Every structure is written in structure tokens, then in C-alpha cells.
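This report refers to the structure that appears directly beneath it.
The values are calculated or read from the model by the stated rules, or taken from the named source; none is laboratory data. Every value quoted in this text rests on a predicted model; they were computed, and no experiment measured them. For neighbour counting, all protein chains shown are included, and Cβ atoms are generated from backbone atoms with ideal geometry for every residue, glycine included.
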Amino acid sequence: MDDVSHDPARPGIVVRGRYSLLSAAQQELLRAVSVFAGGFTGPAVDGLVARLDPQRRARLASRGGRAGHLGALEARSLVVREAGGRLRLPGAVRRFAAGEQGSVERDATRRAHLRWLVDLAEEAATAGWDTGRDTGWDACGDDRLAHEGDNIRAAFDTARAVGDLESGQRLGAALVRHWHRHGAVAEGITLLREFLARAGRDGVPLTVTARAWLALGTLHHLAGDNGEAHRLTTLAGDLASLAGDVATEARSLGRAAHLAVLAGADRHRAVAAAERGARLAATLGDDRVRTESAAALRLVRELVAAARP
């Protein structure tokens, strides 16, 4: 069957007719995947379904599971497979499927989509990390989010709509490399500032907020504003210390020390801060934090030595 977005007949009637031929589980899956913006993959559907309530998960796993249901949707051109293997709903189908959801179902699906994106971004933020060169500023690592720009914006829209500031902060903190890689640092700064606007009064755990401030500081550094980057990174370290988040405190100390040297601040204090960060990191079992903090200390010492008359 042709893509319904190109069907000369009235799209709503065509889509409804094809929808009526689906099983209940297939209809439910079509409604669920209408939450994706800009397309999706099979694993993304699995991630979404895994975050729905147990009853919906059980229904969607029936009679062939996700692969079988998606195959049925493809066979009726309700889902289209693009050249790279990515899936999408034609516009008319997506609008119809979204309209078939009740408010409770729609809200639950959007929240599941948000949770999926937060988890995916946090996994991608540390995947592909190079222990030999990572100082925390570079853009190496996994780029599985390369095609998820529309889904990322939709997730932020959901966090904003439902007042989920914690998820907004977590998502923003995990997207620094993605934004840097794709030239969207200014967008990242705007979004993180929005979700941090009520920090301290929003009920978000301090450790989450500390990591978000650290991410915002990193984005300001990438944007060339080292003064603001230093202020925010120092704030992140102070909050992490209050929260007992040693890893974030260690990372913040190293980055703040680097920024202090770049800003022409007291070099001895900068070295002392970087040394403290490295000592804190050494107490952890996290190779990434230890390596990043040690690299930051080396960098600060090199910058200080190079600046001596």
C-alpha cells in the first residue's frame, strides 16, 4: 500500500479504515508510537514500552510482540521504514493516532517517552569514553542521539508541561556533548537555565541540580564565557559537597580550577583546588572521574607553568 500521506483520498478516512483492521494490541502500539517526533527505531519502541505500566506492557507483548505488531503496521503503510532503517509515522497517521488517545493514556505515554529519553541520554553521555584523553571538555563518546533532536525537544516539552523539573535537569545535564557536537550550545544553555530557574525551591535532589549546574557551566565554557562558566562550576561543586556527591564535587573542582586559570585568577588557589579534586576522585571506584580529575590537575599545572615569567 502507498504511504497514506500521499493518498489522494481523504487521509482521515483512509487511516481510520486501516486502523480498524488492526488488532487491539496493534492499535494500542500505533497510538503509543505517535509520541515519537522525527521518527524512531525498534529499540526505541522497546524502551518506550518498558516504561509503560505493567498492564499496557503485557497487552503490547501479546501475539508476536513489538516486532510482529510493527510488521503489521508497516504492511498497512501506517509505519514507514526509511532508507537508514529508521521508522516514522506519516503525518496524517501520527495526527490520527495521537487523537485516538484519551488524556490519561496520552499523559502516561508522554511521561514514558520522557523517561526513555532521559535514560538514553544518560547512557550515551558516558558511552565511548576514551580513558586516555578525556578531560571532560571534548566531544568524544557515543552519538546515538544524532537523529533524536525532535524527540529531545518533545521530551523537554513534556517535562515543561507536567512540571517535571528533575527530568528536565537530568536530560540537560546529559546532553552537553550532544549539543556541542551538533552546534547547539546556545539551545542547551537556554533549556538548562529554564529548568534551573527555580533551583533550590523545586524539590529536585541536590545532586541532580549540582550536575545540571556543572553541565551549564561547561556549556558556557564552550560558548566562550569562562567567567560565567567558572561561577556556575564553583556553584556546582558547593552543591555537590552539600549533597555528599563526591564524584560531582571532584569533577567540579577540576573544571573550576581550569577555568580560574583561564580567567587569570589566583594560580596557587587554582592548583590547590585541582589537587583537592584529584584527591577526592582517588577515593572513588570510578575510573572516569579519577582520570578526568587527574587530567584536569595536569592541565592546570601546565597552564600555570606556562604562564610564569
Task: Residue list for the stretch 20-56, filter: among the aromatic types (F, W, Y) and assigned to a loop (DSSP other than H, G, I, E, B) - done: F36
Open item on the list: Take residues that are over 15 Å from the mean Cα position of the chain (by Cα) and either within 22 Å of A263 (Cα to Cα) or outside the structural domain of A296 (by TED's automatic domain parsing) (or both) and tell me which of the helices (runs of 4 or more DSSP H) falling wholly in the stretch 158-235 contain 1 or more.
Closed with: 185-196, 206-222
TODO: Kindly indicate which of V271, V300, V289, V261 is within 25 Å of the chain's Cα centre (by Cα) and in a helix (DSSP H, G or I).
DONE: V289
Open item on the list: Looking only at residues that are out of contact with any Lys or Arg (no Cβ under 6 Å at 6 or more places or on another chain) and either acidic (D, E) or surrounded by fewer than 18 Cβ atoms within 10 Å (Cβ to Cβ) (or both) in the stretch 75-87, which one is farthest from V15 (Cα to Cα)?
Closed with: G84
Task: Sole exception among (1) under 23 Å from the mean Cα position of the chain (by Cα); (2) closer than 25 Å to L165 by Cα for S241, by number - done: (1)
Open item on the list: So if I check each of T248, T218, T233, which one is crowded, with 21+ Cβ neighbours inside 10 Å, out of contact with any strand residue (DSSP E or B) (no Cβ under 6 Å at 6 or more places or on another chain), within 26 Å of R308 (Cβ to Cβ) and of a type in the set (V, I, T)?
Closed with: T233
Open item on the list: Pairs needed: first member in the stretch 197-212, in contact (Cβ under 8 Å) with a residue 12 or more places away in the chain; second member anywhere, hydrophobic (A, V, I, L, M, F, W, C) and part of a loop (DSSP other than H, G, I, E, B); C-beta distance under 8 Å; at least 6 residues apart or different chains.
Closed with: T209/A199; A212/A199
Task: Count - residues of the stretch 29-43 that are surrounded by fewer than 21 Cβ atoms within 10 Å (Cβ to Cβ) and either in the same structural domain as R110 (by TED's automatic domain parsing) or not basic (K, R) (or both) - done: 7
Open item on the list: Pairs needed: first member in the stretch 92-108, farther than 16 Å from V49 by Cβ and assigned by TED's automatic domain parsing to the domain that holds L78; second member anywhere, surrounded by 15 or more Cβ atoms within 10 Å (Cβ to Cβ) and among the β-branched types (V, I, T); C-beta distance under 7 Å; at least 6 residues apart or different chains.
Closed with: A92/V4; A92/V15; V93/V4; V93/V15; F96/V15
